[in-house]
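The values are calculated or read from the model by the stated rules, or taken from the named source; none is laboratory data. Please read these numbers as outputs of a predicted model, since none were measured by experiment. Note that each Cβ is placed from the backbone with ideal geometry, even for glycine, and that neighbours are counted across all protein chains shown. These area figures cover heavy atoms from the full protein model, side chains too; ligands, DNA and RNA do not enter into them. Shrake-Rupley method; radii C 1.70, N 1.55, O 1.52, S 1.80 Å.
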Amino acid sequence: MMQRVLALVKMELLKLIREPANLFLNMLFPAILTLVFGLAFGGLGGGDSSLFDTMAPGLFAYACIFLIMTVAMSFTDDRESGLLKRINVTPTTSTQFIGSHIITNMFIAVFQLAIVFLLSLLMGFRPNVDVLGVIMAFVFMLFLSLCSVGLGLITATIAKSAGAASGISFIFILPQMFFGTFMPLTEATRVIAAFLPSYYVTEAITTIFNGVSPFAVEILMQLGIIALMSIIIVILGIFLFKKYGKV
Amino acid sequence: MVMRNTNDDEKMQNLIDEFKKDISSKNNEILGYHDKIDALEQEIIRLQKLIPGETSKLKVKREKPEDIFDPDGASAVIVKDLVKQFGDVTAVNGINLDIKKGELFGLLGPNGAGKTTTINMLVGLLDPTEGTASVGGYDVKRDLNKIKEIIGVCPQEPAVFKFLKGRENVELFGNLFEMDKNVLKERADKFFEASGLKEASNRKAKGYSGGMLRQLNLIIALINDPKIIFLDEPTVGMDPRVRRKTWTFIGDLKQKDKTIILTTHYIEEAEALCDRVGIIDYGELIALGSPKELMKKHDAKNLEEVFMKITGRRILEGV
């Protein structure tokens, strides 16, 4: 079983490295965004912290949200080129196949967080956090990547082509971008944000980076919420894709 | 009231036993007998219901479909009354087939005749609307995972990861069959050498020509050393030289006792390679036999003439 999963993970990672669009969206885009935001907002704001300091935790989630698009495009592209059918006539189970996507995207999320975190530090971001706090931030990001895989699967179910998938994925990307990362929230938008996975991740990482213990009750509650959300979204994504995804 | 005693049960059991013996010796009539056994069993159940309070000692033991279909184990693929409907459209309409082990069987037919749909049902990509089929002795509805372990499928359109090198594609699919690393490398080397893709095997498939992609497509289908191989139009888009080479390649597979189900538009390909061919049109199997048998039966010089006569007549008759 592991031989199959590892082979698929290797293939997905090679896709990330060798497909320029994937490489840009998943690695270069978050890096460029962090540098631009650091340059633009690093000197703004009052008191001890700059505007960039308050935005940085949102940037971590921001990068991971775009996994929705790459996952959706990857599935639709493989479907269009007959590769999903081809894999389907091997003994590989759908659990192994989708599991390999989840593992790959968790890897990518970890890389993204590492890149954005290091570049943020370079741009002057100084979080009040210890090693355990950073580890907890990574755990939150892993759950967010799980949500992105699930939402990517739902997008791939609806989309007929890779091009359509990139457009439709914004249904899930935009609300999270505006109401679940670094944008200030109003009373109304906070209600919407309550349904968005990235909101809980940004809130938790912001709190952790402000020096609160990663095992504080509020953090653990947010961890529980994002864990539950990710499980529900992934199961829903797998169910919809298997039933209506026209493999 | 219908009365029944132990003797009736024994007689009925004897009848079933006789039928089963009969089935073993008459493989060609298996499908018909299977229906008779079904009817007989229904009758037994009906009789049991008519006797209140009495529990019958007669046990109706159903054989597995593959045992009934293939008692001598000589068949690789058995298709019985297979139907596939897409909404109002019937793509496959009650096909029956018995493909023997080691046979190279050609499935011919015009575009949209139902060839690929039939294959897709046999390899588990589509669920049959009605009917049943077994591949390698396994039922397509119940034992799909076992079927997938013994088959190789070469799809009509080359399905390869373009960003991977030729060799990486082959290794990926070999790993999906959980092949031993050394065996996988050995087989991959052999296939790349035989196909003339050795040089190109370390290049990304993105740069391959159409013919090279088709060869890679075929290598992937064969890498797991499958017992039963489904080749869906494997030589479309190949130049005549590569096509001839691929024919030799397919012919060699037959020598290795592989069962091959080949769909093709090239009638001369079927004539040159196949032991038997089945011609499908409008989802129905309208001719079945060896190329020679069909040519004799339809008084034709070659298989193409047979094909044109049969499918053309159906068009004229408005079938």
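A few comments on the model shown:
- So B:Ile286, is it assigned by TED's automatic domain parsing to the domain that holds B:Gly174, touching a helix residue (DSSP H, G or I) at 6+ places or on another chain (Cβ under 7 Å), assigned to a strand (DSSP E or B) and surrounded by fewer than 19 Cβ atoms within 10 Å (Cβ to Cβ): yes
- When the residues of the range B:234-264 are filtered to those that are among the aliphatic types (A, V, I, L, M) and in contact with a Pro (Cβ under 9 Å, 6 or more places away or on another chain), the one that is nearest to B:Leu122 (Cα to Cα) is B:Leu262.
- Of the residues making up the range A:24-31, none is under 23 Å from A:Tyr199 (Cβ atoms) and touching a Gly at 6+ places or on another chain (Cβ under 9 Å).
- Test: residue in the range A:54-63 that is in contact (Cβ under 8 Å) with a residue 12 or more places away in the chain and either within 11 Å of another protein chain (Cβ to nearest Cβ) or in a loop (DSSP other than H, G, I, E, B) (or both): no
- Selection from the range A:56-81 of residues that are open to solvent by less than 20 Å² (accessible area, probe 1.4 Å) and more than 16 Å from the chain's Cα centre (by Cα): A:Phe75, A:Thr76, A:Asp78
- Residue match in the range B:159-166 (condition: open to solvent by 20 Å² or more (accessible area, probe 1.4 Å) and farther than 20 Å from B:Leu82 by Cα): yes
- Where a residue in the range A:197-209 is touching a residue at least 40 places away in the same chain (Cβ under 8 Å) and its partner, wherever it lies, is among the polar types (S, T, N, Q) and not in a helix (DSSP H, G or I), with Cβ under 8 Å and at least six apart: A:Ser198/A:Thr181; A:Thr202/A:Thr181; A:Phe209/A:Asn128
- Filter result for B:Arg313 (in contact with a Ser or Thr (Cβ under 8 Å, 6 or more places away or on another chain), open to solvent by 20 Å² or more (accessible area, probe 1.4 Å) and modelled with pLDDT under 90): no
- Those helices (runs of 4 or more DSSP H) lying entirely in the range A:135-247 with at least 2 residues out of contact with any strand residue (DSSP E or B) (no Cβ under 6 Å at 6 or more places or on another chain) and closer than 18 Å to A:Ile68 by Cα: A:162-168, A:170-179, A:197-209, A:217-244
- In the range A:74-98, the residues that are within 18 Å of A:Lys15 (Cβ to Cβ) reach residues that are among the small types (Gly, Ala, Ser) and open to solvent by 10 Å² or more (accessible area, probe 1.4 Å) with C-beta atoms within less than 8 angstrom, at least six apart or across chains, in these pairs: A:Thr76/A:Ser161; A:Thr76/A:Ala162; A:Thr76/A:Ala164; A:Asp77/A:Ala162; A:Glu80/A:Ser161; A:Glu80/A:Ala162.
- Checking the range A:218-229 against the condition returns a match, with at least one residue being of a type outside the set (Gly, Ala, Ser), open to solvent by 40 Å² or more (accessible area, probe 1.4 Å), free of Cβ contacts under 8 Å to residues at least 60 places away in the same chain and under 27 Å from A:Ala159 (Cβ atoms).
- Here the range A:5-35 is the region considered, the condition is being crowded, with 18+ Cβ neighbours inside 10 Å and closer than 11 Å to B:Leu164 by Cα, and the residue that is farthest from the other protein chains (Cβ to nearest Cβ) is A:Glu12.
- Residues that are within 10 Å of the chain's Cα centre (by Cα) and open to solvent by 20 Å² or more (accessible area, probe 1.4 Å) within the range A:99-157 comprise A:Met106, A:Val110, A:Leu142, A:Phe143, A:Leu146, listed in sequence order.
- Positions within the range B:214-228 being more than 11 Å from chain A (Cβ to nearest Cβ), among the hydrophobic types (A, V, I, L, M, F, W, C) and assigned to a helix (DSSP H, G or I), in sequence order: B:Leu216, B:Leu218, B:Ile219, B:Leu222
- Single match in A:Thr76, A:Thr93 (criterion: within 14 Å of another protein chain (Cβ to nearest Cβ) and more than 15 Å from A:Ile205 (Cβ to Cβ)): A:Thr93
- For the range B:141-158, the set of residues classified as more than 7 Å from chain A (Cβ to nearest Cβ), open to solvent by 10 Å² or more (accessible area, probe 1.4 Å) and not charged (D, E, K, R) consists of B:Leu144, B:Ile150, B:Gln156, B:Pro158, listed by residue number.
Residue by residue, here is whether (1) under 27 Å from A:Glu12 (Cα atoms); (2) modelled with pLDDT of 90 or more; (3) of a type in the set (Val, Ile, Thr); (4) not assigned by TED's automatic domain parsing to the domain that holds B:Gly112 holds:
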site	(1), (2), (3), (4)
B:Gly152	yes, yes, no, no
B:Pro158	yes, yes, no, no
B:Leu164	yes, yes, no, no
B:Lys181	yes, yes, no, no
B:Arg203	yes, yes, no, no
B:Asn217	yes, yes, no, no
B:Glu233	no, no, no, no
B:Thr248	no, no, yes, no
B:Gly251	no, no, no, no
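- Any hit, the range A:101-124, residues being part of a loop (DSSP other than H, G, I, E, B), of a type outside the set (Lys, Arg) and away from chain B (no Cβ under 14 Å): yes
- Across the range A:158-192, the number of residues qualifying as open to solvent by less than 20 Å² (accessible area, probe 1.4 Å) and either within 20 Å of A:Leu236 (Cα to Cα) or of a type in the set (Val, Ile, Thr) (or both) comes to 6.
- Filtered by the rule that a residue be open to solvent by 20 Å² or more (accessible area, probe 1.4 Å) and within 22 Å of B:Glu193 (Cβ to Cβ), the range B:258-272 gives a lone residue, B:Lys258.
- Residue within the range B:167-177 that is at pLDDT below 95, more than 12 Å from chain A (Cβ to nearest Cβ) and open to solvent by 20 Å² or more (accessible area, probe 1.4 Å) present: no
- Candidates B:Asp239, B:Asp252 - the one that is open to solvent by 20 Å² or more (accessible area, probe 1.4 Å) and farther than 25 Å from B:Asn111 by Cβ: B:Asp252
- Search result, residues across the range B:130-139 that are open to solvent by 40 Å² or more (accessible area, probe 1.4 Å) and out of contact with any Lys or Arg (no Cβ under 6 Å at 6 or more places or on another chain): B:Glu130
- Flag if B:Asp127 is acidic (Asp, Glu), within 14 Å of chain A (Cβ to nearest Cβ) and open to solvent by 30 Å² or more (accessible area, probe 1.4 Å): yes
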